[in-house]
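Chemist: Would you mind keeping the following structure in view while I ask a few things?
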Amino acid sequence: MTTHNSNPPARAQGWGHYLLIPLALLGLALFVIPLLGLIARAPIAELGVVLRSPAVGAALRLSAVVSVAAVGLSLVLGFPIAWVLARFEFPGRRLIRAVVALPMVLPPVVAGVALLTALGRRGLLGPLLESLGIELAFTTTAAILAATFVAAPFLIIACEAALENVDRELEDAAATLGATRLRILWTVTLPAIWPSLLAGLALCWARALGEFGATITFAGNFRGRTQTMPLAVYEALQTDHEGALLLSLIMLAISLAILFALRGKLVRR
Amino acid sequence: MPRTLTLLLLVLAALAGCTRGGQTQQTITVFAAASLTEAFRAIERAYELEHPEHDVELNFAGSQLLATQLLEGAPGLVFASADPVQLDRVGAERPLASRRGVATNRIVIVVPAGSAIMTVWDLADPGRRVVLAGEAVPAGRYARLALLGSPLDSVDLRGGVERNLVSNETDVRAVVAKVRLGEADAGMAYATDVLGDPQLELRELSPPFTVEPARYELAVIADGREQALRDAGMQFVEFVSSPTGQAILAAHGFGPP
């Protein structure tokens, strides 16, 4: 469909909307019906019992710890990557950008296998870690690393895009006024990219919270240590699918709350 | 725009053609325990040679997960469970036909080649990293039953092993994978899972830690099917318990039912 910007606003011609609107509704149904299914089938009356069960308590606590730690780690390591990518021109930058985004498209199980081949006992860094007395596999640290690996790209990409849009003249002005690099970052750059940073953090957290494949591959499945909520849902599904439905519903509510609270804020800006 | 419409119609026509094309062959969907992977792939090939009118589709996972899927109405026609308990679960809600035992297996300790772990007692040594299948998984249930064989109440073998337990895997193959990767020092899996793998060795359980063998049972999920499809499923079950099917299972290390 062509648009003529010079013309005064006119109703677009054609029947495109007859095609697009039903398809949009069909697409919406695809997203909404599974959620309705969960809500309709889950035995909500038993929610209290399920929430009080030790396995669920442990999984909720662990998910909180792992996802928050993963977001923290993503911020500490990911923001500098975004900053370097946005501020410096160097050979291989595009390659690095692609590598950093790779975990977003990689099947999570592959991410888990990759982590094993790097940090597992027989992995590339296995002997080094062993000589340092560090054992990662099957520990909460492994679960955090797995979540960070798959979730950090969301933060990095959001930050990099925002950093590239920051008005460099403001930063330069601050520099001529004698501000140090860190002070410029804190007082000029960060406030400018705050909404994008928040969006990146929200997506990063939601992804870390939902992480399953890399975790079960790299960190295993052990209650209170590596069994986060998604793993608990999967385990419950094998025997007690009513319980699994309720756990899924809890996950759904938490994820929706994160996206709603944080993304809503950003779009307004 | 008319061109788009033509394209759309063409796509729809093509899709309709796809569904029509599959009519000549009947599809037998088999939900099979993860430990049966290689054996049932071989059985699939042999069966399809004998019955070109049938197409066997295999879906492997832990039997407990397959049972849950079947209880949720998954379209599996034949269920090959590593544990009669899981078939009972399905049978409580869906009618089963042609149910029978087709093979047996035994739980062993799986270790990386050359490991110093020799007996069940070594699994309880402090600092060992042991991986089992989850309690709901057949291999996990059999393994825990075996550990209960501890002769002295004062020596809490199972407690010692549980302390060393680092992961509850969702099927027996995941247990073997963690041992093969070297991430775990030992696991408990079926003897057939280790067969022909130079990286792994097995340690047989000796009395009093022996349990009755794992029993593999097959059945056709008989509700809501046309008679012809039910018959096809029964033919597959017959084939697995026929001399040919039994020979394939034996070649993959399974015991007779």
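The values are calculated or read from the model by the stated rules, or taken from the named source; none is laboratory data. Quantities reported herein were computed from a predicted structural model and do not represent experimental measurements. Virtual Cβ from ideal backbone geometry, glycine too; neighbours counted across all protein chains shown.
Chemist: Somewhere in the stretch A:187-207, is a residue within 14 Å of chain B (Cβ to nearest Cβ) and closer than 27 Å to A:LEU119 by Cα?
Modeler: No, the conditions are met nowhere in the stretch A:187-207.
Chemist: (1) in a helix (DSSP H, G or I); (2) touching an Asp or Glu at 6+ places or on another chain (Cβ under 7 Å); (3) more than 29 Å from B:THR29 (Cβ to Cβ); (4) within 13 Å of chain A (Cβ to nearest Cβ): which one isn't true of B:ARG144, the others all being true?
Modeler: Failing condition for B:ARG144: (4).
Chemist: With A:PRO80, A:PRO54, A:PRO108, A:PRO91 as the choices, which residue is away from every other protein chain (no Cβ under 14 Å), closer than 18 Å to A:THR226 by Cβ, exposed (fewer than 14 other Cβ atoms within 10 Å of the Cβ) and not hydroxyl-bearing (Ser, Thr, Tyr)?
Modeler: A:PRO54
Chemist: Something else about it: Go through the stretch B:61-79 and give me each residue that's free of Cβ contacts under 8 Å to residues at least 60 places away in the same chain and assigned to a strand (DSSP E or B).
Modeler: none
Chemist: Only one residue in B:VAL85, B:VAL108, B:VAL120, B:VAL130 is touching a helix residue (DSSP H, G or I) at 6+ places or on another chain (Cβ under 8 Å) and surrounded by fewer than 18 Cβ atoms within 10 Å (Cβ to Cβ), so which one is that?
Modeler: Details: B:VAL108 fails: surrounded by fewer than 18 Cβ atoms within 10 Å (Cβ to Cβ); B:VAL120 fails: surrounded by fewer than 18 Cβ atoms within 10 Å (Cβ to Cβ); B:VAL130 fails: surrounded by fewer than 18 Cβ atoms within 10 Å (Cβ to Cβ).
After applying the criteria, what remains is B:VAL85.
Chemist: Does A:ALA179 meet the test of being outside any helix (DSSP H, G or I) and either among the aliphatic types (A, V, I, L, M) or at pLDDT 95 or above (or both)? Step through it out loud before you land on a result.
Modeler: Details: outside any helix (DSSP H, G or I): yes; either among the aliphatic types (A, V, I, L, M) or at pLDDT 95 or above (or both): yes.
Yes; evaluated as a whole, the condition is true for this residue.
Chemist: What pairs can you find where one residue is in the stretch B:181-208 and away from chain A (no Cβ under 14 Å) and among the polar types (S, T, N, Q), the other is part of a strand (DSSP E or B) and surrounded by 14 or more Cβ atoms within 10 Å (Cβ to Cβ), and their Cβ atoms are less than 8 Å apart, with a gap of 6+ or different chains?
Modeler: B:THR192/B:ASN105
Chemist: Determine if the stretch A:260-269 includes at least one residue that is in contact (Cβ under 8 Å) with a residue 60 or more places away in the chain and surrounded by 17 or more Cβ atoms within 10 Å (Cβ to Cβ).
Modeler: First pass over the stretch A:260-269, keeping only residues in contact (Cβ under 8 Å) with a residue 60 or more places away in the chain: A:262-263, A:265-266, A:269.
Retained after the next criterion (residues that are surrounded by 17 or more Cβ atoms within 10 Å (Cβ to Cβ)): A:262.
Looking for residues that are in contact (Cβ under 8 Å) with a residue 60 or more places away in the chain and surrounded by 17 or more Cβ atoms within 10 Å (Cβ to Cβ), one finds at least one in the stretch A:260-269, hence yes.
Chemist: Answer with yes or no whether A:ILE81 is assigned to a helix (DSSP H, G or I), hydrophobic (A, V, I, L, M, F, W, C) and either under 30 Å from B:VAL175 (Cα atoms) or touching a Phe, Trp or Tyr at 6+ places or on another chain (Cβ under 7 Å) (or both).
Modeler: No, not satisfied.
Chemist: Based on this model, can you work out whether B:LEU229 counts as farther than 21 Å from B:SER63 by Cα and assigned to a loop (DSSP other than H, G, I, E, B)?
Modeler: no
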